[in-house]
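Data first, discussion second: the structure below is written as structure tokens.
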Amino acid sequence: MTRALNAQWHNLAFSAFIFREILDNPMEDETPQSRLKQIGMMSILYIMHQGHQALTISNITETTKLTRTGVAETVDPLVKRGLLTETFVKNSMGRGKARQFEIAPEIFEKIRSFQPT
């Protein structure tokens, strides 16, 4: 029972943290629509993260049905905000480079610091 409550608390804390970070800190020339897209994208990425899926452009496009450009337009501001980290890995064919993302570890550290004991 306690474990289930901890998982629910963690999910709620993550959502609330992302919501506040994005809405309270608008970037220059950013529209409200862009901020809402970022909140939605972070929710999807968190679910993918919980499911141990690699956060690559290809996987995100497969999940969201957005174009690669559409994904990049939403993910790039998240990287700029420091909510995601970006690395370049070999693509699935092993020839080129692919962008891979990770939810910034600092987010989980901040959330943990607020967790009730």
Exercise. So which residues in segment 23-57 are exposed (fewer than 13 other Cβ atoms within 10 Å of the Cβ), charged (D, E, K, R) and farther than 25 Å from residue 8 by Cβ?
Worked result: 28, 29
Exercise. Is there a residue in segment 105-114 that is of a type outside the set (Lys, Arg) and either assigned to a loop (DSSP other than H, G, I, E, B) or farther than 29 Å from residue 8 by Cβ (or both)?
Worked result: no
Exercise. Does segment 58-78 include one or more residues that are touching a residue at least 12 places away in the same chain (Cβ under 8 Å), under 12 Å from the mean Cα position of the chain (by Cα), under 14 Å from residue 21 (Cβ atoms) and surrounded by 16 or more Cβ atoms within 10 Å (Cβ to Cβ)?
Worked result: yes
Seminar exercise, completed: Scanning segment 88-110 for residues that are touching a strand residue (DSSP E or B) at 6+ places or on another chain (Cβ under 9 Å) and closer than 20 Å to residue 38 by Cβ, the one surrounded by the fewest Cβ atoms within 10 Å (Cβ to Cβ) turns out to be 105
Exercise. List pairs: first in segment 91-117 and farther than 16 Å from residue 7 by Cα, second at pLDDT 85 or above and of a type in the set (Asp, Glu), Cβ under 7 Å, 6+ apart or cross-chain?
Worked result: 99/86; 101/86
Problem set entry | Pairs with Cβ under 9 Å, 6+ apart, first in segment 1-23 and under 14 Å from residue 43 (Cβ atoms) and hydroxyl-bearing (Ser, Thr, Tyr), second modelled with pLDDT of 75 or more and assigned to a helix (DSSP H, G or I) | 15/39; 15/42; 15/43; 15/46
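The values are calculated or read from the model by the stated rules, or taken from the named source; none is laboratory data. Worth saying up front: this structure is predicted, and the values here are computed from it rather than measured. All Cβ positions, even for glycine, are placed from backbone atoms using ideal geometry, and neighbour counts span all protein chains on display.
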